[in-house]
Amino acid sequence: MRLKDLQLFTVAPPAPGWGGRYWTFVKLTTDDGIEGIGECYVSTVGPAAMKAVIEDVFTRHMEGESAENIELMYRRVYSSGFTQRPDPTVMGAFAGLEIACWDILGKARNRPVWALLGGKMNERIRAYTYLYPAPGDTDPDFWVNPDKAAEAALRYVGLGFTAVKFDPAGPYTIRGGHQPAMSDITRSVAFCKAIREAVGDRADLLFGTHGQFTTAGAIRLAQAIEPYQPLWFEEPIPPDNLLEFAEVSRHTSLPIATGERFTTKTEFATVLRTGGAKILQPALGRLGGIWEAKKLAAIAEPFNAEMAPHLYAGPVEWAANIHLATSIPNLLIAETIETGGSFHQALINHTITWEDGYILPPEEPGLGIEFNEALALAHPYEGSRLHLEMQEAPCDYRHGNRFEGGAPSSET
């Protein structure tokens, strides 16, 4: 069961593009013919460069190795080039390859991955979604209109969701943390008020920020929305200021959630030690894979911290999240794209079931999904832009701020 061949797929989801501009999938094949699929959630370099990184990580550290030796391969990659520190690009490349190894191991043993991680702790996985416009609704004001957000929240709660996420405070800039415009705070309060009035106590409010504020700015915003009792205040400051998360946490009653941009357990360890966050949101395709996430969940337990796996990528990372979530005792909730995402589900031949607000763990061997290679090849990404991109312009304190809600910009 030694790793022999690697194939990559860079797939562009059709409009509206929920989940990013493109997704990077890897397929590994062993010398005895077992195939495994994985996904890399990396957006630091373009797809051509990322392809080269993935191929280098595979040939340098994994080719010819037993798919069972995940710990050994992880240490090789983590230590590559005399580093032994989190590298989001290299570890992201390994993460997708590692997920594919788990798919292989499950298939070899005819068991789902969750069974190899300690078994089924959770019979079903509570799910949440971002608020997205209804099909056919192309009104750009959706992202800044509290009434439209409330309508969307009510629609998702009607489907069975018990938590919805929104991020009205934009923008995401390369300039690091900034003070929110007063209009951003006003809009954020209006969103919380409208959504809370629409759904009552039937759903939790998950307030996202994507790490765009200074410590003081994050505290101001948190205190403004506290009356509406969001379940969490997500990534309030940039991920390069790990010690400052604790300062935000000390000044608000809202639980702090973070982690979609963290790589390996070592970065999470800092916010756990300092009390900076009690809800951890690893993106398994960036963190370092399923085994690293299982370790992180165990480390979080004595800190009384909960896990909420992040998803803004494709369906293979979603599947990996689900197997992790099935196996851990400190699961809070797992992100999904609406009820699974039409193109997401099509890429895996509808092999994951979302039902009445919950995801049901797959019972088939490996990740339990059927990757549709023909569909993936029919939707190649042939551009050179990044999965997600931040704006260079600073926060606009005069004319107000707008953002795209995660949909990729036009290629033109």
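The values are calculated or read from the model by the stated rules, or taken from the named source; none is laboratory data. Keep in mind it's a predicted model, so treat the numbers as computed, not measured. No Cβ is skipped: glycine too gets one built from the backbone with ideal geometry, and neighbour counts run over all protein chains shown.
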Number of positions in region 199-253 that are within 18 Å of the chain's Cα centre (by Cα) and under 26 Å from LEU154 (Cα atoms): 12
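Is it the case, given these coordinates, that THR209 is at pLDDT below 95 and touching a helix residue (DSSP H, G or I) at 6+ places or on another chain (Cβ under 9 Å)?
Judged against the criteria, THR209 is a match.
Quick one: which helices (runs of 4 or more DSSP H) lie wholly within region 302-412 and hold at least 1 residues that are in contact (Cβ under 8 Å) with a residue 24 or more places away in the chain and touching a Gly at 6+ places or on another chain (Cβ under 9 Å)? Break it down into steps so the answer makes sense when it comes.
Details: elements: 315-327, 342-347, 373-378.
Of the helices (runs of 4 or more DSSP H) lying wholly inside region 302-412, those with at least 1 residues that are in contact (Cβ under 8 Å) with a residue 24 or more places away in the chain and touching a Gly at 6+ places or on another chain (Cβ under 9 Å) span 315-327, 342-347.
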- prompt: Which of (1) in contact with a Lys or Arg (Cβ under 6 Å, 6 or more places away or on another chain); (2) part of a loop (DSSP other than H, G, I, E, B) does LYS295 not meet, given it meets every other one?
  reply: (2)
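Within region 124-147, how many residues are within 19 Å of LEU206 (Cα to Cα) and either of a type outside the set (Lys, Arg) or over 22 Å from the mean Cα position of the chain (by Cα) (or both)? Please lay out each step first, then the result.
If we filter region 124-147 for residues that are within 19 Å of LEU206 (Cα to Cα), which is where we start, we get 125-133, 142-147.
Filter once more, so that each one left must be either of a type outside the set (Lys, Arg) or over 22 Å from the mean Cα position of the chain (by Cα) (or both): 125, 127-133, 142-147.
Adding up the residues that qualify gives 14.
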message: Which numbered condition in (1) surrounded by 21 or more Cβ atoms within 10 Å (Cβ to Cβ); (2) over 23 Å from the mean Cα position of the chain (by Cα) is the only one that CYS192 fails?
response: (2)
statement: Scanning region 150-174 for residues that are over 30 Å from THR214 (Cα atoms) and charged (D, E, K, R), the one surrounded by the most Cβ atoms within 10 Å (Cβ to Cβ) turns out to be GLU151
